[in-house]
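Take a look at the structure below.
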Amino acid sequence: MALRQWPHLLLAKSKRLCEDRVSSRMRHQKKTIKLGRTADHRRALLANQVCALIEHQRIKTTLAKAKAVRPLAERMVTLGKNGSIHARRRALAVLRQKGIVKKLFDDIAQRSAERNGGYTRIVKLGARKSDSARMAFIEWVDAEHVAEEKLKKEKKAKRKEPEAEPQQITPEAEQTTREEPKPEAPALEQEEVAPPPSEEPKPKKRRWFGRKSDDS
């Protein structure tokens, strides 16, 4: 039986060949850390994590979340280094917080101007006690310079603080202090108190618990 006489068989065969070709393709550029959440929930979670990272400079989370947050955080820094209005609008569409976007563009992006990637660092902390989940710190690489500058400013401020000047004592006050008599210490009693005489022990009375004697 020729396939030309039965066109539906030909269509079925071509469809099966197409499905085989699609299934045999390699899974390139399709890696997504799902974190057990839907797409909208995952998008909101990662945006909140990046906002917390921008605000506090370092956050503690699970290792899986830290690895998912890193690409988004570095993408936001790249937009901040661009600095255009269009880049601000793109960052605001993801983060949804104007104050955080302003800090990203004005502070963090300026610190990372000389870097060509690698703006964040993940520090592993080990397993959590409750559920043994692997924990980690994610932080900005340039956050250490900011902490060092704060310490230097605090040290300079302490040095500039004026020391308390010693009080000047006037001659009249010196005379009054000299004239005031010092309280004399109580004289020690030289005589030792004699201990009371020890009383002689009284003879104990003997008690008889037996029968009475015949003489009595």
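The values are calculated or read from the model by the stated rules, or taken from the named source; none is laboratory data. The structure displayed is predicted, hence computed values, not measured ones. When we count neighbours, we look across all protein chains shown, and the Cβ atoms used for this are built from the backbone with ideal geometry, even at glycine. Note: accessible area is taken over every heavy atom of the protein model, side chains too, but ligands, DNA and RNA are not part of it. Shrake-Rupley method; radii C 1.70, N 1.55, O 1.52, S 1.80 Å.
Hey, can you grab everything whose amide H is under 5 Å from the amide H of Ile59? Only 5+ residues off in sequence or another chain; H modelled, so Pro and N-termini drop out. Amide H neighbours of Ile59: Ile138.
Of all accessible surface on region 18-146 at a 1.4 Å probe, what whole percent is carbon and sulfur? Roughly 49 percent, rounded to a whole number. So, with +1 on the Cβ of K and R and -1 on the Cβ of D and E, and no other charges, what is the size of the charge dipole of region 53-99 about its Cα centre, to the nearest 20 debye? So the magnitude is around 80 debye.
Note on Asp131: accessible area is roughly 90 Å² with a 1.4 Å probe, heavy atoms of protein only.
Once both labels are positioned 7 Å from their Cα atoms along Cα-to-Cβ, the gap between Lys129 and Arg90 label points is 4.5 nm.
Between Ala157 and Lys98, what is 0.36 nm times their sequence separation minus the Cα-Cα distance? Round to one decimal in nm.
Roughly 17.9 nm would be gained on extension.
Rg of the Cα atoms in region 50-142, relative to 2.2 N^0.38 Å, amounts to 1.13.
Among the listed pairs Lys60/Lys98; Lys31/Lys67; Lys60/Lys129; Lys34/Lys81, give every one whose C-alpha distance is greater than 21 Å. Pairs exceeding the cut-off: Lys60/Lys98; Lys34/Lys81. The accessible-area ordering, largest first, of the residues Ile108, Ile33 stands as Ile33, Ile108, per a 1.4 angstrom probe.
Ordering Arg111, Arg128, Arg42, Arg90 by accessible area with a probe of 1.4 Å, largest first, what comes out?
Working: Arg111 65, Arg128 90, Arg42 40, Arg90 125 Å².
I get Arg90, Arg128, Arg111, Arg42, largest accessible area first.
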